[in-house]
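The values are calculated or read from the model by the stated rules, or taken from the named source; none is laboratory data. Worth saying up front: this structure is predicted, and the values here are computed from it rather than measured. Neighbour counts are summed over all protein chains in view; Cβ atoms, including those assigned to glycine, are modelled from backbone coordinates with ideal geometry. The area values use the complete protein model at the heavy-atom level, side chains included, leaving out ligands, DNA and RNA. Shrake-Rupley method; radii C 1.70, N 1.55, O 1.52, S 1.80 Å.
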Amino acid sequence: MATFISVPLKKSSEVDLVKPLSKFVTATYPTGEDQGEYLRAVEELNKLRKNALGRPLDKHESSLEILLRYYDQLCAVEPKFPFSENQLCLTFTWKDAFDKGSLFGGSVKLALASLGYEKTCVLFNAAALASQIAADQNLDNDEGLKAAAKYYQLASGAFGHIKDTVLSALSREPTMDISPETVGTLSIIMLAQAQEVFFLKATSDKMKDAVIAKLANQAADFYGDAFKQCQYKDNLPKYFYFQEVLPVLAAKHCIMQANAELHQSALAKQKKRFGEEIARLQHAAELVKTVASRYDEYVSVKDLTDKINRALTAAKKDNDFIYHDRVPEVKDLEHIGKAALVKATTITPPLSQKFTDLFEKMVPMAVQQSMSIYNQRKADTVNRLLGTMREATNLCNGVLASLNLPAALEDLSGDSIPQSIAEKSRSIVQQGGLQSIEQLIKDLPELLTRNREILDESLKMLDDEETTDNELRTKFNQRWNRTPSADLYKPLRAEGANFRNILDKAVQADQVVKDRYNTHCDMIALLCKPENELNAAIPSANPIKTLQGSEVVNVLRSQLAQLDAMKKERETLEGEIKAVTFDMSVVFLTALAQDGAINEEQLSVSQIDQLYGAYNQRVQASLSTQEALLGQVQTSHQEFSSLKQSNTEANQREEVLKNSACFVIYFCPHLFLPSQFYNDLTEILLKFQNKCSDIVFARKTERDELLKYDRIRKQPLTKALCTDVSAFFLYTLQPQPPQQAQQQPPARPQPPERPPPPSFTPQAASTPPTNTPLTGPPTSNPPPVAPPSQAQGPPYPTYQGYPGCVFIKSGREGGGV
């Protein structure tokens, strides 16, 4: 019966994708329709992983479709989220597919905070499942043959893709099952089996013997390459799986070469080369005889042997009685040609036929980063334009306040509160008055302390984890090979230092606010009084009724009206500037698709110039208008001041009104800024604290996995001596050699002697022992020994049988003949 090799699946630990991905989505995308859609997509991605990895998979195309869909989704989502140790940290744990562990410890596993590692392992499982599906096909019909060839080529391509990408995808040495040597060997094995399926198809279709011979010889060549990979790679033979596979590969090499010789002998007979026919049949008979004597428990060649022997007997009889053709030596025979009809499937996502990207609307991280820089450039441009206008407006208000305008025009009666001062007074009272301001001043130290505590706690988490990491690195030396915490936390520590610097500067700003409050406390109390008390507190002056209808007053009011119109125009312009929108992601996506990279600076600067060039011109025109109007106002005010009646009461009243106006314009708006600043900073620091907490938790999880893995590797002595429960109990009941007895403590009873290691024969190998322990790993068997070399001969290993070998059997015998 034809034996086909399949690969076991890796097993993964459960990972919660919802919490970290949802946190990133919430922090990155504003509340709205897109955020809700992305959060639902995160839930679907988590369900997809559970379906693909969280349950046993049937050997069916639908199960493979789930794995491929999850792999495609990982490829699609990788550029859209910042998966890394110091940003979006997700730790994936996978067990070695071939290491079955032992009684005293679990199998070898590796935990890495790398999406590339997850992709590699998922693709490995897809290749392994494809090999199992192919091996389970019915090869007696065309549909089964086509499906088997398709899945073997897919498995070969997937294993080959892992070989090319695994080292760059991982930040450390992979487990042996996904190492380049292992997956490279598996890729060749799958390709050889696909070629064998084509040979079976050609045989079933009764194609020409020359074609079939070339197909078989190519399959033999693939199997020979796979055998050499297993035999000569230092790390592979220690796997029990590969020690079971080795004899199958050697047998398949011989069988395919025997088939090639058989069909080439038929071609020689057609060409009346009867001696060559006999020589090839003799060589084929020797090959199948070797398989029957050494690998019969793996592959049966009875039908193929009978067919070759019948053809050889008939050929010898005809040659002895009729043709008398000389039989050449095998080494003198012409080499059989090769025809490779198989090719490893190229792994280019999407591999799934039903794939739809759950995060289709989300742009890649390269575009996100470019968008972030673009938005910062845009914000800087907007802030510069708005800041320029607001600075000019403040300058205008300051000049008018120094001239006591418009209060001087409103106070022509000399005994009432100017309207502008009354409005400002009511505004202060509505915001809580003097008590509210005093409370704000008192709360500043508490707000500062709260922000300092959040920052200190965040940095302390990093310090504690880094200290633990350094201690374990000192303890385990080279075995502690993960990224040092000191290197990983550099961006966070730089961010923390920046926050510390901001808080230090805030202390100085708080002191400035307190000093100004103490200086203007009396003025604040004056403005917080009721209107009648405020009117009584302001000195009165003689009415200046003669100025009310003068031309200079009218001109001055006209100029102030123009300034007010200019300010309103600036408010409108400010709203227009803020309302400018443009979807820059389309530009970045187009550039990424065309060039494979994004020149963010060039694209952003060009687009911002187009968007805000006209607004910049309008701002400059407004500044020029203001400069001209202020010059005219100052000239008119000089004329107005020369016409006023100067006396002591009038001067005192004007001084009080001028100080009130200056306080309202310059100082009053800044009283409420420190509190708002600290509250906004608290939200930012809490986000920083969450980032620190997330990365420390991920590092702790990774640390626990590494420590657990280290404990598994450092097994007690009994693990090396006993490999199953029955062997362990037998070991405790048998006497041990004197050397081991001397190593035991005197107070402990001497254990019995350990039984000798079992010796396996090919006949007994098919029945695994139940009560006899193995004295070492399977690699303790003698190495393969090749027989004397011959032309096109396979490397013939001398292998004893191994218990527990399970292969998928098809309904064909003798390699398909």
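General observations
- The aspartates and glutamates within cross-link reach of residue 317, meaning a Cα-to-Cα straight distance under 17 Å and a gap of 8 or more places when in the same chain, are 276, 277, 306, 325.
- Of the whole protein surface, residue 464 contributes about 80 Å² of accessible area at a 1.4 Å probe radius.
- For the residue pairs 146/206; 272/307; 201/302; 442/568; 23/460, the C-alpha atoms sit more than 27 angstrom apart in 442/568.
- Translational diffusion coefficient (Stokes-Einstein; Kirkwood radius from C-alpha pairs) of the stretch 291-409 at 10 °C, 1.306 mPa s, in µm²/s: 61
- Total charge dipole magnitude, the stretch 194-272, about the Cα centre, Cβ charges on Lys, Arg, Asp, Glu only, Debye to nearest 20: 340
- At most 13 other Cβ within 10 Å, DSSP loop - GluC sites (Glu not before Pro), the stretch 14-50: 14
- For the stretch 207-328, the relative contact order comes to 26 percent (Cα pairs under 8 Å, sequence separation of at least 6).
- In the assembled protein chains, residue 442 presents an accessible area of approximately 140 Å² (probe radius 1.4 Å).
- The stretch 328-398: GluC sites (Glu not before Pro) in DSSP coil with no more than 11 other Cβ atoms inside 10 Å: 329, 334, 360
- Per residue, the accessible area of the stretch 207-328 comes to 43 Å², computed with a 1.4 Å probe over protein heavy atoms only.
- Exceeding the 21 Å Cα-Cα cut-off - candidates 80/119; 208/269; 59/228; 50/343; 109/708: 59/228; 50/343
- Measuring nothing but how far apart in sequence close Cα pairs (under 8 Å, 6+ apart) lie, relative to its length, the stretch 259-392 scores a relative contact order of 22 percent.
- Cα coordinate range in the stretch 207-328, projected on the principal axes (Å, largest first): 55, 26, 25
- Cα pair count fraction exceeding 14 Å, expressed as % - the stretch 33-112: 75
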